[in-house]
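What follows is a set of notes on a single structure, which appears directly below.
The values are calculated or read from the model by the stated rules, or taken from the named source; none is laboratory data. Everything numeric in this text was worked out from a predicted model, so none of it was measured. Methodologically, a virtual Cβ is constructed for each residue, glycine included, from the backbone with ideal geometry; neighbour enumeration extends over all protein chains shown.
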Amino acid sequence: MKNYLEKVNLRAKFFVWSMIIILAFGLVASILYYSHLKKILMAEAFNKSEMVLQEVEAIRDYVKEILRPRMYELHSKEAFILEAMSTTYVSLNIMKSFEGRMPGYLYRRVSQNPHNSENRADEFEEEMSDWFEADRNRTFWQGVVKKGSESFFVSMIPDYHEKGCLHCHGSPKDAPPSLIAKYGPVGGFRFVEGDLAGLNSVSIPVSRPLALVTKVSVGIFIGTVFMMALLLFVLNLLFGNLVISRLTNIMGILTKETDDTGPAAGTDHLPGSQDELDHLKESFGDLTRYVSLARKGSGPEPNFIGPYAVEAPLIAGTLSWLYKARNTVNREKVSIKIPFEDTMLNPLYAACWQTEMKVLEKTDRHANLIAVIAREGDTLIAEAVDGQDMGTIIDRQAPYRGKELLPLFHQLCDLLAHLHNMGIVHHDLRPQNFMFSGDGLIKLVDLGFASWREIPDAIFESGISPQGDFRYMAPEQMAGKRGDSRSDIYTLGVLLYQMCTGRLPFEKTRSALKTRLRIKENFKPPGAYSEEISKEMEAVILKAMAGDPEKRYQWAEDLMADLEQS
């Protein structure tokens, strides 16, 4: 099976595994349904058999307590009228009439030493007699018993001799003459008080109901497999029309040769009804052109934006790329922020990009915030930055200690205080949005999800779900709120935790929102990972990461003050 799957294509593998899953699901569903119906059937049989047994016991009690004493009053103490005074005879005959009205039901009153040989216990009933005698606390038994080709649900209770029973079951000398005359002086005698008199049992046939349950379960299996296979067939048609045909076109594009400067075939811009696969097709067409040029030892001419030549990419932000660039007039080095192409197709993200540009253009300069020099349409020309993104640096150098940590957090807290004072809340202070130069300078280069009190907040107005990285996001943002400056302080606490321990308090997860909120409430304190983290430092981190915004630091300056004392 494994070798076969390795040779077939992806589509065939999908359908093979789908059919295996369908068969497994149908089998499990039918087994569960069979078990459920069988349980109901057995419960019903149990209730019926118990009811019949109790009715028989009521008949026997009536004979012992009402009929027999009355017969002794009407006749002598030596009299024994079998049809009115024998509990076994009366109950058996009444139940024979009942069995005639309810075919299949079977009542048995048996003993290992009966008066009437017809009531002698069979092999199974003898075993059950020994089982009851072995422990007098056993007062009931039930189960399924095979009798020939039929299965019966059997309920069974023991019956023990009382003192009044010994008149007919003790010594033959004391027994009524009519009883001796009918059954003889051997069977049914020589019992003492407390001996097991016999067993009362009711059998209900279950072969036909069980066969019906099996038949219905098989039908459930066949029906489930058929319906799911039909659904799979319909999905196959849709998948083929909507996905496979387009992927085939993409693979065709990748295998075509192109000119040095000519676009790949099939990469012409499609109409406004483009979807994700159409964009993917265009992207693969561009990729083919660049690969073809590289194979021939050539390269594309540099892209120019105004007088600026775009060079190597530095970092991918929330909504834009940051590239190295140079001014072709004076050779000055700069950096350029260019929005993702798809960003401008989405009205919400386009509005966020407009907010980011306005914030960077109009806010006061700060040493740790990238400075904008000019604007070319929807592109920002900014000061040259160098180094690596801070996330990469943290992963390589953490955990940090006090002398290394304080200079970095001085910069972060000072920058955050500056932004908050200007009415700017970042909402997404991941380390990947910072550049870290070789001389230790931190530079914030991305504000894709920022809000500014001077302009409407597009994300807040849209009411969309949380935007950002779950691992750094404050709980109130996870709950669907926009958050405020204290949300940034929470993220600063996560950064502090990460830099002190070398790990994040939360890992990536695709769990449901409620689960992620519970994860936010339960994380190991930083001291659990390192004994070098002081209690004071741990207290600063935990206060910054408090789930309730009211219990956090309210100002970045307060966080920095406590950090210096830790």
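Selection over the range 148-175 of residues that are over 19 Å from Lys77 (Cα atoms), crowded, with 17+ Cβ neighbours inside 10 Å and among the small types (Gly, Ala, Ser) gives a count of 2.
In the condition set (1) out of contact with any helix residue (DSSP H, G or I) (no Cβ under 6 Å at 6 or more places or on another chain); (2) surrounded by fewer than 17 Cβ atoms within 10 Å (Cβ to Cβ); (3) closer than 23 Å to Tyr308 by Cβ, Ala382 is compliant with all but (2). Is it the case, given these coordinates, that Ser178 is of a type in the set (Gly, Ala, Ser), surrounded by 14 or more Cβ atoms within 10 Å (Cβ to Cβ) and closer than 30 Å to Asn47 by Cβ? Against the criterion (of a type in the set (Gly, Ala, Ser), surrounded by 14 or more Cβ atoms within 10 Å (Cβ to Cβ) and closer than 30 Å to Asn47 by Cβ), Ser178 does not qualify. Restricting attention to the range 338-359, does a residue exist that is within 45 Å of the chain's Cα centre (by Cα), part of a strand (DSSP E or B) and under 19 Å from Gly468 (Cβ atoms)? Taking every residue of the range 338-359 in turn, at least one turns out to be within 45 Å of the chain's Cα centre (by Cα), part of a strand (DSSP E or B) and under 19 Å from Gly468 (Cβ atoms). Quick one: how many residues across the range 335-373 are of a type in the set (Asp, Glu) and free of Cβ contacts under 8 Å to residues at least 40 places away in the same chain? Selection size over the range 335-373: 2. Helices (runs of 4 or more DSSP H) fully within the range 384-484 that include at least 3 residues being farther than 25 Å from Glu521 by Cβ: 390-397, 402-421, 458-462. Against the criterion of being free of Cβ contacts under 8 Å to residues at least 60 places away in the same chain and in contact with a Pro (Cβ under 8 Å, 6 or more places away or on another chain), Gly387 does not qualify. Being modelled with pLDDT under 90, at positive phi, of a type outside the set (Phe, Trp, Tyr) and more than 40 Å from the chain's Cα centre (by Cα) is a condition met by no residue of the range 400-408.
Looking only at residues that are touching a Pro at 6+ places or on another chain (Cβ under 9 Å) and either of a type in the set (D, E, K, R) or without any contact (Cβ under 8 Å) to a residue 40 or more places away in the chain (or both) in the range 311-329, which one is surrounded by the fewest Cβ atoms within 10 Å (Cβ to Cβ)? Give the derivation first.
Within the range 311-329, the subset touching a Pro at 6+ places or on another chain (Cβ under 9 Å) is 311, 319-324, 327-329.
Still in the list and also either of a type in the set (D, E, K, R) or without any contact (Cβ under 8 Å) to a residue 40 or more places away in the chain (or both): 311, 321, 323-324, 327-329.
On the way: Glu311: 16, Trp321: 15, Tyr323: 21, Lys324: 17, Asn327: 16, Thr328: 13, Val329: 9.
Only one residue fits best here, namely Val329.
Here Arg518 meets the list (1) exposed (fewer than 15 other Cβ atoms within 10 Å of the Cβ); (2) at pLDDT below 85; (3) part of a loop (DSSP other than H, G, I, E, B); (4) not β-branched (Val, Ile, Thr) almost entirely, failing just condition (3).
Within the option set Tyr490, Tyr553, being of a type in the set (Phe, Trp, Tyr), in a helix (DSSP H, G or I) and at pLDDT 95 or above holds for one residue only, Tyr490. The helices (runs of 4 or more DSSP H) located wholly in the range 65-116 that include 2 or more residues which are within 20 Å of Ser129 (Cβ to Cβ) and out of contact with any Pro (no Cβ under 9 Å at 6 or more places or on another chain) occupy 87-101. When the residues of the range 208-221 are filtered to those that are free of Cβ contacts under 8 Å to residues at least 60 places away in the same chain and surrounded by 12 or more Cβ atoms within 10 Å (Cβ to Cβ), the one that is nearest to Ile22 (Cα to Cα) is Gly219. Only one entry in Val8, Val56 is modelled with pLDDT of 80 or more and surrounded by 12 or more Cβ atoms within 10 Å (Cβ to Cβ), namely Val56.
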